Every structure is written in C-alpha cells, then in structure tokens.
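One structure is given here, and the rest of the page talks about it.
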Amino acid sequence: MIEVVVLNKVEEAAAVVRLVLGKANDSALPPFEAGAHIDIKLPSGLLRQYSLCRLQSDPRYYEIAVLKDPQSRGGSEEVHALDIGDVVQISEPKNHFPLRSKEAKSLLIAGGIGVTPLLPMAQTLQCAGTPFEFHYCGKSPRTAAFSSILKQASFADKMHFHFSSEPQSSGRMDIKSVLSQHVADSDLYVCGPAEFIASVLEHAEALGWPEERVHREFFAAPAMDVDHGDNHAFQIKLASTGQILDVAANQSITDVLDEHAIFVPVSCCEGVCGTCLTNVISGDIEHRDVFLSKQEKAEGKQILTCCSRAKEAGGLIELDI
C-alpha cells in the first residue's frame, strides 16, 4: 500500500466530492491507464475501490470522485468525512475495465457516478483522434458530477446529456436508439447503477452486440434471483497441498480460506470488484458474480471466492492455490 495525503477536496455535485491525493514528499505516483481504480484503506479499516477519474497531467496526483450513497455500507460516508491533510493508504492502480483499443470507435454510456472511469477513456480517445460518443445519464445537472466541465471539454462535441428531471430538454436516454446506431462498428463501455447497466446490457444483447465488444463495470451487485436459503455444502481442494476443505451452506469459500489462514484478498463480498478472483483447475461452478463475462463463466476457469459456489451439493472445486 502507498501512503497518501488528501491534498484537496472539492464538491463536484450534490453529494459528490472529488479528492486529490498525493504523497507527502511530493514524489510521483505509479502511472495508470483509462478505466483503472485504486483500493483505499479507510480510517475504520474498510477497503473500498474508487475509479481514477482523470488522467494524470501531473504524475504526483490521483483524483477520485465519490457519491455519498445512503445505500452504501459506510465507505462513501467515510470518504466524505475525510479532510484536507488526512492520511490514507491506497493500492497501486488496478484495471479490470480497460479500453480494448485506443483506435477502436467507442460508445461510452455513464449513469450517475458511473461517469468516473469513463472520463479518462474519453480523454484517451480524444488524444488518439479516435471517433467516439459519450452519453451521460442523470437526474439533473445539479446531481451530475462534472457536467458543467464536460460541456467545455475538448470533446464537448461528443457529449450527450440525458437528464430525467428535464423532459422538455434532454429527458431520459432512448437506450435502444443509441445502441442501434453503433452496433455494427463500435465497442460499448457502460458504468453506473446496477439496474442501469443491466438495462443497457439487455438492450445490447437484443440488438446483437457481440459480447467481446461489450464492456461494463458495476459499482454494486444487481439483485440476483438466488435463494441463499437453498445454499448447499460443498468442498474445495487446494492444488498446492492437496488439502480438501469443507464449505458449509452458510459459508463462502473466502470464509473457509480465512479460517485456515489462507490469504486471498477480498473487498466487496458481492462479486463485483474482482479482488478475490482465483483460478480454478477443475469443478463445476455456480457463478453468482457480475465481474466475469458470460464466456468466462462458461469456461469455468476462474471463480469469485466471495460469492460463487459449487454447482451441486457435495461438489468439489479445485483451486489454483
């Protein structure tokens, strides 16, 4: 982890703050590419992920923007309580949501605070001279972080704002219409609330978007049609030692690994962030995450240990640990 100081704190929209982070000695931070995020260890010990919302014009600084979400599990409230001068620990940047290609025509769709990882993508595509469209959906300009700045950005001509509280002007985005104009030649990148992403993905699938050109990043897991009361017990095998461990119906794989002092990093516990992603050698998996693609789930070579399980009662999953 890297120790950084909160150098500036700015209210970017209603309930959204932007923090500028940097080392106390003013030295450079590790570089990153569009779509990257950092883990932040908050004063309470909570570990949370936040997208880096601006490309580095100065290697000494990172910027994040965080919505104070009443439905969150406390992380966003702690971020909003941070003040200039406070010290926090962060990871080096990680990127589970990269641009597939800087040269590929792209369609960026943001819902609310989901705009944050897409901003560096727009900057990157603009610098590369690559054609793209950027659709930003929100309730109103007052709640849409960076909306006024984006109207003056170098790529302002590529911005399309959709505010649901302004039906006379922009109004809600017609998802089907927007997607249908780009299905033949663009990569799709979408981020925002879980239900918003799910709706965009459903429309994309119905319109025939190839899965390899559809990229998404969830901030929280959508409601899943899973009855956790029907969880069954199963087993895991550790490839390095041959040890077989029992996973009870009320436990996750992560719980059992932790009980046996086997470290696998974990953060969201919802199958969203990918922190606990572990390779699988054998076994049938019931995937309960939103991190892996349909193709990756079908291949069965990886598992999110915080939420996914063996498909059958008494099943055995061999982990590459």
Problem set entry | Within the stretch 187-204, considering residues that are part of a helix (DSSP H, G or I) and touching a residue at least 40 places away in the same chain (Cβ under 8 Å), the one most open to solvent (accessible area, probe 1.4 Å) | 196
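Sort out which residues of the stretch 280-306 are assigned to a strand (DSSP E or B), within 30 Å of residue 42 (Cα to Cα) and out of contact with any helix residue (DSSP H, G or I) (no Cβ under 7 Å at 6 or more places or on another chain), and write them in order of number.
In the first step, residues of the stretch 280-306 are kept if they are assigned to a strand (DSSP E or B); the result is 280-282, 285-286, 302-304.
Keeping just the survivors that are within 30 Å of residue 42 (Cα to Cα) gives 302-304.
If the condition is that a residue be assigned to a strand (DSSP E or B), within 30 Å of residue 42 (Cα to Cα) and out of contact with any helix residue (DSSP H, G or I) (no Cβ under 7 Å at 6 or more places or on another chain), then 303, 304 are the ones that fit.
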Exercise. Within the stretch 165-180, is there a residue that is touching a strand residue (DSSP E or B) at 6+ places or on another chain (Cβ under 9 Å), among the hydroxyl-bearing types (Ser, Thr, Tyr) and either at pLDDT 95 or above or not in a loop (DSSP other than H, G, I, E, B) (or both)?
Worked result: no
Exercise. Does residue 12 satisfy the condition of being touching a Phe, Trp or Tyr at 6+ places or on another chain (Cβ under 7 Å) and more than 18 Å from residue 217 (Cβ to Cβ)?
Worked result: yes
For this session: Those residues that are more than 19 Å from residue 244 (Cα to Cα) and either of a type in the set (S, T, N, Q) or in a loop (DSSP other than H, G, I, E, B) (or both), I need them from the stretch 262-279; list them, please.
Result: 265, 266, 267, 268, 269, 270, 271, 272, 273, 274, 275, 276
Problem set entry | Number of positions in the stretch 55-78 that are open to solvent by 60 Å² or more (accessible area, probe 1.4 Å), of a type outside the set (Phe, Trp, Tyr) and either within 23 Å of residue 14 (Cα to Cα) or in contact (Cβ under 8 Å) with a residue 12 or more places away in the chain (or both) | 8
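Restricting the search to the stretch 16-35, which residues are open to solvent by less than 50 Å² (accessible area, probe 1.4 Å) and either under 21 Å from residue 218 (Cα atoms) or touching a helix residue (DSSP H, G or I) at 6+ places or on another chain (Cβ under 8 Å) (or both)?
16, 17, 18, 19, 32, 34, 35
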Exercise. Hey, does the stretch 164-175 have a residue that's closer than 16 Å to residue 12 by Cβ and open to solvent by 40 Å² or more (accessible area, probe 1.4 Å)?
Worked result: no
For this session: List the number of the failed condition for residue 212; all other conditions in (1) in a loop (DSSP other than H, G, I, E, B); (2) at pLDDT 90 or above; (3) within 22 Å of the chain's Cα centre (by Cα); (4) surrounded by fewer than 16 Cβ atoms within 10 Å (Cβ to Cβ) hold.
Result: (1)
Problem set entry | Pairs with Cβ under 8 Å, 6+ apart, first in the stretch 107-133 and closer than 18 Å to residue 213 by Cβ, second open to solvent by 10 Å² or more (accessible area, probe 1.4 Å) and among the acidic types (Asp, Glu) | 107/133; 108/133; 117/217; 124/33; 128/103; 130/103
For this session: Can you confirm whether the stretch 95-102 contains a residue that is open to solvent by 20 Å² or more (accessible area, probe 1.4 Å), touching a residue at least 12 places away in the same chain (Cβ under 8 Å), among the basic types (Lys, Arg) and farther than 30 Å from residue 42 by Cβ?
Result: yes
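Taking the conditions exactly as written (more than 21 Å from residue 271 (Cα to Cα) and at pLDDT below 95), does residue 57 satisfy them or not?
Spelling it out, residue 57 is indeed more than 21 Å from residue 271 (Cα to Cα) and at pLDDT below 95.
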Seminar exercise, completed: Pairs returned, first residue in the stretch 282-303 that is farther than 17 Å from residue 204 by Cβ, second residue that is assigned to a helix (DSSP H, G or I), beta-carbon separation under 8 angstrom, 6 or more apart or interchain, are 285/297; 287/297; 302/296; 303/253
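Among the residues of the stretch 308-321, which ones are out of contact with any His (no Cβ under 7 Å at 6 or more places or on another chain) and touching a residue at least 60 places away in the same chain (Cβ under 8 Å)?
Within the stretch 308-321, 309, 310, 312, 314, 315, 316, 317, 318, 319, 320, 321 meet the criteria.
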Exercise. What residue, of 110, 128, is out of contact with any strand residue (DSSP E or B) (no Cβ under 9 Å at 6 or more places or on another chain) and at negative phi?
Worked result: 128
Exercise. Which residues, taken from the stretch 276-321, are under 18 Å from residue 237 (Cβ atoms), modelled with pLDDT under 95, of a type in the set (A, V, I, L, M, F, W, C) and loosely packed, with under 15 Cβ neighbours inside 10 Å?
Worked result: 313
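Look through 128, 156 and report the one residue that is open to solvent by 10 Å² or more (accessible area, probe 1.4 Å) and closer than 23 Å to residue 95 by Cβ.
From the options 128, 156, the qualifying one is 128.
The values are calculated or read from the model by the stated rules, or taken from the named source; none is laboratory data. Small disclaimer: the values here were computed from a predicted structure and weren't measured. Using ideal geometry, Cβ is built from the backbone for each residue, glycine included, and neighbour counts are taken over all protein chains shown. Protein only, heavy atoms only, side chains kept; ligands, DNA and RNA dropped before computing areas. Shrake-Rupley method; radii C 1.70, N 1.55, O 1.52, S 1.80 Å.
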